[in-house]
Amino acid sequence: MAGREDDILILISDRGLQLGPLAQALGNLGLPYDPPPGDAFTNDDGVRAVYCVLRIVKSISIRKPDYIAHRALLGLFSGVGLGTAKGTADACIQHNQNFHDLFYLAALPQWLSSRQSNAVGRLTTIVQAVSGWALADTLTVRSPDITQLLGNVFAGAAQAANIIASWTALAGTFPGGTTLEELLSFFAADNESDRRTILESVNQRLGVAQPAAAVQQKRIRILTMHGAKGLSGKVVFIPWVEQGIMPSFRNLQAAGLLIEHRRLFYVSVTRAMAACIISHSAQHLGASAFRLRQQPMVMLPRSQFLNEMGIPSVNRAGGLTAVEAQRIVADVNHL
């Protein structure tokens with residue numbers, strides 16, 4: 001369906017759980033997509049870390065403290081978390097210490113706890129590393145440094161390799177001559193339209209000729225189930241249809257909420273004009289498992305909604321077969 005990507009809808013019920021893995025998978029495949037309206041591009045931990053680093057570079061460059069960037073990056077460090085970040089900020093208030101200036105001191109204060117001192121020391125190292133950067137530096141020049149910094153931020157985290165791989169895939173979609181300032185503007189943009197405008201401006205500055213088809217690239221639409229009301233797609237994908245996700249564990253606790261989730265699922269299925277592809281996974285690992293049950297691995301059965309519909313599941317190691325895909329495309333062509 002090349003050239004008709006906007007005929008494809010992917011509907012999700014839990015933005016926090018599903019959007020990150022979906023965006024990473026589509027990015028790795030080079031498939032253009034639009035995230036749900038209002039979704040921040042920097043919801044991805046790796047992108048958020050890079051965004052914070054770039055804001056710190058700008059902060060140093062214009063000599064204007066960016067407290068939020070330092071605080072946010074501190075909370076992203078593996079083994080640190082928001083509790084230590086808040087504790088560090090509270091300790092600064094108690095000891096009349098400017099929070100921003102804490103990361104630029106020649107020596108760490110003795111009143112920091114060992115955990116706080118370790119976290120502040122890690123961020124201080126990054127601040128020192130980027131102090132020689134300039135916003136005019138290009139992505140080609142700084143990409144290896146950024147990757148190394150991400151390795152330091154997420155060192156020891158279970159998802160470190162995936163975070164770095166996701167960033168590497170994303171960085172590869174930018175022209176090598178993109179400056180750090182342009183990259184910062186891209187991440188700070190409120191919507192996909194503004195991000196496209198920034199990329200077009202970068203390509204124009206670099207003299208990169210863009211085919212008309214590339215400028216008008218149609219994109220797969222990722223929408224929340226609530227956001228899909230009144231819309232339709234010729235092909236609709238509904239992933240993560242497991243008991244505990246659709247319906248959610250929370251909605252399973254109340255009959256009214258369960259009924260609402262059932263109605264929402266029905267509305268989502270009926271958005272499809274030619275085909276609706278529903279999938280569910282038996283096993284969840286890593287970040288998604290911790291989000292679901294605070295466990296490294298979670299096993300979930302398929303949704304009761306599928307049982308109620310009497311639809312059988314087929315075990316697969318991959319996606320649709322070529323024959324199935326061709327049949328769907330034929331159905332789309334006959335609409």
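The values are calculated or read from the model by the stated rules, or taken from the named source; none is laboratory data. Predicted model only: the values in this text are computed from it and were never measured. Cβ coordinates were reconstructed from backbone atoms using ideal geometry, including for glycine residues, and neighbour counts include every protein chain displayed.
Brief remarks on what is shown
- Of all residues in segment 231-244, those satisfying the criterion of being within 17 Å of residue 277 (Cα to Cα) and modelled with pLDDT of 90 or more are 233, 234, 235, 236, 237, 238, 239, 240, 241, 242.
- In the set 137, 90, only one residue is modelled with pLDDT of 95 or more and more than 23 Å from the chain's Cα centre (by Cα); that residue is 137.
- Segment 123-153, subset closer than 30 Å to residue 284 by Cβ and out of contact with any Gly (no Cβ under 8 Å at 6 or more places or on another chain), residue surrounded by the most Cβ atoms within 10 Å (Cβ to Cβ): 153
- Contact map, segment 298-318: residues that are in contact (Cβ under 8 Å) with a residue 24 or more places away in the chain and farther than 21 Å from residue 249 by Cβ paired with residues that are of a type in the set (Ser, Thr, Tyr) and loosely packed, with under 13 Cβ neighbours inside 10 Å, Cβ distance under 8 Å, separation 6+ or inter-chain. No pairs are found.
- The listed residue being touching a residue at least 24 places away in the same chain (Cβ under 8 Å) and closer than 28 Å to residue 118 by Cα, out of 142, 195: 142
- Every residue from segment 57-83 that is over 20 Å from the mean Cα position of the chain (by Cα), more than 16 Å from residue 128 (Cα to Cα) and touching a residue at least 60 places away in the same chain (Cβ under 8 Å): 79
- Neighbours by Cβ (under 6 Å, 6+ apart or cross-chain): first from segment 1-19, surrounded by fewer than 19 Cβ atoms within 10 Å (Cβ to Cβ); second of a type in the set (D, E, K, R) and part of a strand (DSSP E or B): none
- Among the residues of segment 228-253, those identified as more than 24 Å from residue 299 (Cβ to Cβ) and surrounded by fewer than 14 Cβ atoms within 10 Å (Cβ to Cβ) are 229, 230, 231, 232.
- In summary, residue 159 fulfils each of the numbered conditions (1) among the polar types (S, T, N, Q); (2) closer than 20 Å to residue 74 by Cα; (3) free of Cβ contacts under 8 Å to residues at least 24 places away in the same chain with the single exception of condition (3).
- Being surrounded by fewer than 16 Cβ atoms within 10 Å (Cβ to Cβ), more than 22 Å from residue 289 (Cβ to Cβ) and touching an Asp or Glu at 6+ places or on another chain (Cβ under 9 Å) holds for only one residue in 31, 54, and it is 31.
- The single condition among (1) closer than 25 Å to residue 304 by Cβ; (2) in contact (Cβ under 8 Å) with a residue 40 or more places away in the chain; (3) buried (at least 16 other Cβ atoms within 10 Å of the Cβ); (4) of a type in the set (A, V, I, L, M) that residue 267 does not meet is (3).
- Residue check for residue 67: of a type in the set (Phe, Trp, Tyr) and over 30 Å from residue 231 (Cβ atoms): yes
- When residue 335 is tested against (1) crowded, with 17+ Cβ neighbours inside 10 Å; (2) modelled with pLDDT under 90, only condition (1) is not met.
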